[in-house]
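Everything on this sheet refers to the single structure shown next.
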Amino acid sequence: MKSEVVGAVFNLLNIAPWAELTDASISNYLPEIILNHMAANKPVGDGHRIGAVKHREQVFNPKTQQWIKINTDTNLFMDVKQNGKPFKGVTKK
């Protein structure tokens, strides 16, 4: 395990493999490795979507105080939101 970490540090920092690295010197390089080599992907499941869901709309029913999701292709009701908050990422009509 230690040799794999040392090898990864050598590769990431372009250090010659014969350089002497101890556990203490590796820990000095870890912040640089973490800052310079983090993934560029956004976090998965962070609760947002880019753009609206296609072929969907939602309307508010003032009598029941609930949002209703409608399929715009068939004009059929798909779902009703029970907590009174609108659906995420669905266009409001």
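Structure notes:
- Here Ile68, Ile33 are screened, and the one residue that is β-branched (Val, Ile, Thr) and modelled with pLDDT under 75 is Ile33.
- Subset of the stretch 46-62 (residues that are of a type outside the set (Asp, Glu), farther than 15 Å from Lys85 by Cβ, out of contact with any Gly (no Cβ under 7 Å at 6 or more places or on another chain) and surrounded by 14 or more Cβ atoms within 10 Å (Cβ to Cβ)): Arg56
The values are calculated or read from the model by the stated rules, or taken from the named source; none is laboratory data. If you're wondering where the values come from, they're calculated on a predicted model, not measured in any experiment. Every residue, glycine among them, receives a Cβ derived from its backbone with ideal geometry; neighbour counts consider all protein chains shown.
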